[in-house]
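> Below is one structure. I have some questions about it.
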Amino acid sequence: MINTEDNAPFSWAALEFLAKSMGQDILARQIKRTTVSDYDQFIDILYADIDAIVHEIQLNPELRKDDDEDRLSIEIKGNLTHLGYGAAHESKIGGHTDLSVQYKGFIWIGEAKINRGYEHIFQGFQQLTTRYATGDEGQCKGGLVIYIKSNNSKQVMDRWRANLDERGITDLEFVESSIRPDHIFFTRHTHERSGRPFTTRHVGVILGFDPKDQK
């Protein structure tokens with residue numbers, strides 16, 4: 001039996017570890033979500049939940065080939081809502097955000113774009129970092145979700161990264177991701193309004209569908 005300082009028979013951390021060891025990832029994330037107490041913990045579990053939702057969305061690209069940005073983002077929003085987040089689509093925060101998530105006083109904003117060229121994606125990056133997010137404490141991280149409906153999504157993400165690097169954004173730095181490194185990377189730069197570091201998580205969603213067995 002595991003004792004905690006408050007004499008509870010199990011700590012939340014021990015229960016989370018037990019759930020993971022039993023292959024119960026959904027339960028482990030629920031425990032972690034329940035015990036969120038600071039902004040970084042909120043971001044960690046939110047990203048794990050978003051990644052799980054993206055994984056499910058990617059399983060059926062044939063059903064999503066005609067979906068626009070709003071339809072895809074609403075599906076992410078709906079799943080986050082069922083997990084207990086205060087998630088919204090087109091909420092009014094400096095404009096109409098594609099995704100906003102509020103939980104225990106913390107807030108995260110995401111902008112979503114279908115890959116229609118790097119200027120279109122960059123517009124989403126600018127909307128996120130200069131229009132929607134304040135960059136204040138508890139709102140200094142956001143996400144850019146890129147729905148890729150062409151083949152070779154890794155190449156799309158590599159080229160987007162190179163394109164962004166060439167734009168001369170002051171003090172922009174890139175940070176590697178340990179999760180899906182071919183389709184996720186981070187950028188960090190000084191937020192214009194707050195003057196504080198702002199971190200963006202760039203996420204590629206694989207939705208290409210071009211089967212060669214079509215009759």
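> If I histogram all Cα-Cα distances within the stretch 134-175 using bins 5 Å wide from 0, what percent of pairs lands in each bin?
Distribution as computed: 5, 16, 19, 24, 18, 11, 5, 1 percent.
> Just the accessible area per residue of the stretch 61-176, please: how many Å² with a 1.4 Å probe?
With all protein chains present, the stretch 61-176 gives 48 Å² per residue.
> Cut-off under 12 Å on the C-alpha distance; same-chain residues fewer than 8 positions from Lys149 excluded. Which aspartates and glutamates are left, in chain and number order?
In chain and number order, the partners are Glu62, Asp66, Asp67, Asp68, Glu69, Asp210.
> Continuing with this model, one more query. I'd like the Kirkwood hydrodynamic radius of the stretch 75-215, using the inverse of the mean 1/r over distinct C-alpha pairs, in Å.
15.8 Å
> Sticking with this structure for a sec: Between their Cα atoms, which of Lys77/Lys212; Lys65/Lys154; Lys32/Lys65 are more than 23 Å away from each other?
Lys77/Lys212; Lys32/Lys65
> May I ask you to evaluate 6.51 cos²θ - 1.76 cosθ + 1.60, the Karplus curve with θ = phi - 60°, for each residue of the stretch 65-80 and list the ³J(HN,Hα) values in order in whole Hz, giving x for glycine and proline?
5, 9, 6, 8, 4, 5, 4, 5, 5, 4, 5, 5, 4, x, 5, 5
The values are calculated or read from the model by the stated rules, or taken from the named source; none is laboratory data. Quick caveat, the model's predicted, so the values are computed rather than measured. Just the protein is used for accessible areas: all its heavy atoms, side chains included, with ligands, DNA and RNA removed. Shrake-Rupley method; radii C 1.70, N 1.55, O 1.52, S 1.80 Å.
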